[in-house]
Amino acid sequence: MSETKRGSGSYPIKTIVVLIQENRSFDHTLGWFKELNREIDGVTKSDLKFNPVLSSDLNRHNVVFGDQSQYVDLNPGHSIRDIYEQVFGKPWDSSHPDPNPGPATMSGFAQNAERKMKGMSSAVMNGFKPDALPVYKELVQNFAICDRWFASVPGATQPNRLFVHSATSHGATSNDRILLVEGFPQKTIFESLDEAGFTFGIYYQSVPTNLFFRNMRKLKYLTHFHDYGLQFKKDCKEGKLPNYVVVEQRWFDLLLNPANDDHPSHDVSEGQKLVKEVYEALRSSPQWNEILFIITYDEHGGFYDHVPTPVDGVPNPDGILGAPPYHFEFNRLGVRVPAFFISPWIEPGTVLHRPNGPYPRSQYEHSSIPATVKKIFKLKDFLTKRDSWAGTFESVITRDSPRQDCPATLSNPMKMRATVAKENAELSDFQEDIVIVAAGLKGDYNNEELIHKLCKETCVTDASKYVTNAFEKFLEESRKARERGYDENDIVYCVDDNDDHRHGVKPPPSQSEASQATIPKPKTRSSFFSKLFSCFVCRD
């Protein structure tokens, strides 16, 4: 474990810790916290928010936003098509496309939910009372939140998570199988830190999704991936956390290890436990007085929010457009999501609103993380036009000395789900993304039948077994490659032992080759785990 590099300039922060949870909007999670702090742009009983069930309904039957959220079993719509309707109040019309129809009315959440499933608007149009989220309640009272932090893309999980560390999704607005297998090629904040001599570490509890990035699969970076359960608390206790820390969650909901990423239908209390555990480990660390801990959510997950999504002045990060039929120009943001800033250098009850630049219409969004990392650590270059535009949040550090009254522990959350984890559930879109990445790592990217089975005909339990096996195989072969003296910029690719070219040195399939592939409907349900695999090394 590399120790933290000193000398990040005038800022007292030497370690930035990032945790990105899943699929909850600001109002759904923190809207009713306005009763704790009137500075928060949330909701109150005296100023109720609502959505019409149908925008064309002349009688205006409205669904009022309430405070009765507990366990949410449903998974509301959050594709780019769904979000268009939620934000603009009208469905996407393929025959008359209008990608930017004007101001965001935030009036289509209930309508979209009812289109998905009758009665779903009740889940979408409700938020949590502060007492239902006791860990967040204490963090709101003791540290800072931002009430104008937006998802980078009005789309699903994958593109927004890419923006967090690279300020672009390389044109992805949803699942892009080819790039998941090959790895997204853009430069990341991890590389910028490494080039400047700073350290980073990714603490994973399942397959680390930062392997979505192609460069993070290089041999030289694999030593930066650490098992959360084995290493995180140890590094906190010994004061060995690196400069940039990413905590990744359990993505698959299992009986013995329930998912703790907050994605519906996962129990939010498990996410609360994770935040509590991370906070308390950081709080007890000798590095505490040098830490800034950031928590946010990748996207809103289809849940209501009343603050209009910014649709003007947002720069395309790299000139790449989204895939048809939307051809998204990356010129507007996603829905508002929660964001927390935790450090002994922050005054209790702080609320960040709009940023002060760097441009008149700059906003806080996921690219604000690499932009702020660049500023605090005095890195040389921005990653894209988006992080050069995004607001930075170093202004949340206002004290001349660290506080001594930060709570040592946080409250214990109460279980919300009355039932057990749904191990036989179908996979979410994001879980499918993880399976496809695992297939790329393990060498199954040409096995269309297997990938179809894993994504569409298997359950959470089997998918979790597969991705764990794939990641362990990838790590094992990568360690062997390092021991054999391969170049640190090489990437190991596993291939099927039955492949006639298994001993060749070649990259994963090119985009042109993979784009011609289709997923045939499988005829059998044979075991996914009966194959043996070997690996080869690709020199990047």
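The values are calculated or read from the model by the stated rules, or taken from the named source; none is laboratory data. Just so we're clear, the structure is a prediction, and the values are computed from it rather than from any experiment. All Cβ positions, even for glycine, are placed from backbone atoms using ideal geometry, and neighbour counts span all protein chains on display. Surface areas here come from the heavy atoms of the whole protein model, side chains and all, with no ligands, DNA or RNA. Shrake-Rupley method; radii C 1.70, N 1.55, O 1.52, S 1.80 Å.
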Checklist entry - Quick one: what pairs do we get from segment 89-102, first residue closer than 18 Å to ASP312 by Cα, second assigned to a loop (DSSP other than H, G, I, E, B), C-beta under 6 Å, 6+ apart or different chains? => result GLY89/SER55; GLY89/THR105; GLY89/SER107; GLY89/GLY108
Next on the checklist: Condition first: modelled with pLDDT under 95 and touching a helix residue (DSSP H, G or I) at 6+ places or on another chain (Cβ under 6 Å). Can you find one or more residues in segment 191-208 that meet it?
Outcome noted: yes
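For segment 345-366, does any single residue satisfy the condition of being closer than 17 Å to ASN160 by Cβ, assigned to a loop (DSSP other than H, G, I, E, B) and in contact with an Asp or Glu (Cβ under 7 Å, 6 or more places away or on another chain)?
Pass one, segment 345-366, residues closer than 17 Å to ASN160 by Cβ: 363-366.
Retained after the next criterion (residues that are assigned to a loop (DSSP other than H, G, I, E, B)): 363, 366.
Now drop any that are not in contact with an Asp or Glu (Cβ under 7 Å, 6 or more places away or on another chain), which leaves none.
No, that holds for no residue.
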Checklist entry - Got at least one residue in segment 256-272 being open to solvent by 10 Å² or more (accessible area, probe 1.4 Å), part of a loop (DSSP other than H, G, I, E, B) and in contact with a His (Cβ under 9 Å, 6 or more places away or on another chain)? => result yes
Next on the checklist: I need a count of the residues in segment 482-493 that are in a helix (DSSP H, G or I) and in contact with a Leu (Cβ under 6 Å, 6 or more places away or on another chain).
Outcome noted: 1
Checklist outcome for this item: By residue number, the members of segment 133-175 that are under 13 Å from ARG386 (Cα atoms), part of a loop (DSSP other than H, G, I, E, B) and aliphatic (A, V, I, L, M) are ALA151, VAL153, ALA167
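One line per residue, one yes/no per condition, for (1) modelled with pLDDT under 95; (2) closer than 20 Å to ILE295 by Cα; (3) open to solvent by less than 20 Å² (accessible area, probe 1.4 Å); (4) over 14 Å from the mean Cα position of the chain (by Cα):
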residue	(1), (2), (3), (4)
ASN142	no, yes, no, yes
SER152	no, yes, yes, no
PHE212	no, no, yes, no
HIS224	no, no, no, yes
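Scan segment 444-470 for residues that are of a type in the set (D, E, K, R), in a helix (DSSP H, G or I) and over 18 Å from ASN424 (Cβ atoms) and jot them down.
Hits for segment 444-470 are GLU448, GLU449.
Being in contact (Cβ under 8 Å) with a residue 40 or more places away in the chain and under 23 Å from the mean Cα position of the chain (by Cα) narrows it down to one residue among VAL467, VAL435, VAL420, VAL492; which is it?
On the way: VAL435 fails: in contact (Cβ under 8 Å) with a residue 40 or more places away in the chain; VAL420 fails: under 23 Å from the mean Cα position of the chain (by Cα); VAL492 fails: under 23 Å from the mean Cα position of the chain (by Cα).
Going through VAL467, VAL435, VAL420, VAL492 in turn, the sole match is VAL467.
Taking segment 12-43 only, how many residues are surrounded by fewer than 16 Cβ atoms within 10 Å (Cβ to Cβ) and in contact (Cβ under 8 Å) with a residue 12 or more places away in the chain? Working first, answer last.
First, the residues of segment 12-43 that are surrounded by fewer than 16 Cβ atoms within 10 Å (Cβ to Cβ): 35-36, 38-39.
Those left that are additionally in contact (Cβ under 8 Å) with a residue 12 or more places away in the chain: 35-36, 39.
Here the count works out to 3.
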Item to check | ASP497, sole failed condition from (1) at pLDDT below 85; (2) in contact with a Ser or Thr (Cβ under 7 Å, 6 or more places away or on another chain); (3) open to solvent by 80 Å² or more (accessible area, probe 1.4 Å) | outcome: (3)
Item to check | Residue pairs meeting the criteria (Cβ under 6 Å; at least 6 apart or on separate chains; first touching a residue at least 40 places away in the same chain (Cβ under 8 Å) and farther than 13 Å from LYS276 by Cα, in segment 128-141; second polar (S, T, N, Q) and not in a helix (DSSP H, G or I)) | outcome: PHE128/SER69
Item to check | Test set (1) surrounded by fewer than 24 Cβ atoms within 10 Å (Cβ to Cβ); (2) of a type outside the set (S, T, N, Q); (3) outside any helix (DSSP H, G or I) - LEU383 fails condition number | outcome: (1)
Checklist entry - Can you name every residue in segment 310-346 that is more than 30 Å from ALA408 (Cα to Cα), over 19 Å from the mean Cα position of the chain (by Cα) and among the β-branched types (Val, Ile, Thr)? => result VAL311, VAL314, ILE320
